[in-house]
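These notes concern the structure reproduced below.
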Amino acid sequence: MMKNFKYILITLFLVSLSLGGCSGSKNVTKESDPFENLNRHVFGFNKYVDQKLVNPLSKAYVRNIPNGARKSISNHLDWMELPVTIANSTFQFDLENTILASAKFMLNGLTLGFYDLDNGETEILKKDFGSTLAKLNVPEGPFLVVPFLGPKMTRDFSGYFVDRQNMTNVSSTTVNDINLFEIPINVIDTRSKLSNAIDKLYNSPDPYTKMKSYYIQNRRKNVYNEKYHNIKNKNKDEEFEKLLQ
């Protein structure tokens, strides 16, 4: 009970920070990054950890694990995240996505997700509590770079805590132990798939600004889907991105 209360307090704090952070502004501007100095230091720390630990491990992973096995691991990790999508699709009254995600979770449960039995034919939109908060018109808040977790908008960071806590509450102790074990595997697997993009980012004139721009635009496309193209300040995002090329 005390643990749940702590998560609630953390979430309320982060949501309040989001509400007061940038008045719901969706364009990439200086105002969306009031913690830039701190963020740059954390980005430097994360980059150091990545270059000294995560990247070497991901290269060893690619070098020693066959492609087919890596694909199975990626499938399993995606399957383990489906309950988050199911819960948040329900919260957002997205009945179609809820049904499709639930069906895929149950079907691929026969293989624990290691093999996708519908061969990727079911198109599911990934949803998390950050996107649920966006549906409720909670502003995305200031941009944050979190140690080890990387870039997050304040709204999405608060949503991350809710998703993790909900997964812990509905899962058995054994499943939670498996989740804990699979966190580093997920990091290494994701790093291996993003290797070229991350290397290009590090070689850009200002890696931090490039990372921020890429993350914010990609996150908005994921959260708002086709509606992103109708957001009033999208053109400002594109103009900002051109400056980085």
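Would you mind getting the Kirkwood hydrodynamic radius of the stretch 32-124 from its Cα pairs, rounded to one decimal in Å?
Final number for the Kirkwood radius of the stretch 32-124 is 16.0 Å.
Which net charge results when you count Lys and Arg as +1 and Asp and Glu as -1 among the other residues whose beta-carbon is under 13 Å from that of Asn108?
-4
Please sort by residue number the GluC sites (Glu not before Pro) in the stretch 75-173 whose DSSP state is loop and whose Cβ has at most 10 other Cβ atoms within 10 Å.
In loop regions of the stretch 75-173 (DSSP not H, G, I, E or B), the sparsely surrounded GluC sites (Glu not before Pro) are Glu121, Glu123.
If I take all pairs of Cα atoms in the stretch 51-102, what percentage of them are more than 18 Å from each other?
Result for the distance tail: 53 percent.
Grab the Cα-Cα distance for Ile65 and Asn225, subtract it from 0.36 nm times how many residues apart they are, and report the gain in nm with one decimal.
Working: separation 160, 0.36 × 160 = 57.60 nm, distance 3.42 nm.
Here the segment from Ile65 to Asn225 would lengthen by 54.2 nm.
Using the count of nearby Cβ atoms within 10 Å as a rough guide to exposure, how do Tyr115, Tyr215 rank from fewest to most?
Ascending number of Cβ neighbours within 10 Å: Tyr115, Tyr215.
Treating the Cα atoms of the stretch 85-146 as identical point scatterers in vacuum, please give the log10 of the normalised Debye intensity I(q)/I(0) at q = 0.23, 0.28 Å⁻¹, two decimals.
-0.90, -1.12
The numbers here are math on the coordinates, done by the rules we state, and not lab data. Fair warning: this is a prediction, and the values are worked out from it, not measured in the lab. Cβ: placed from backbone, ideal geometry, glycine included. Neighbour counts: every protein chain shown.
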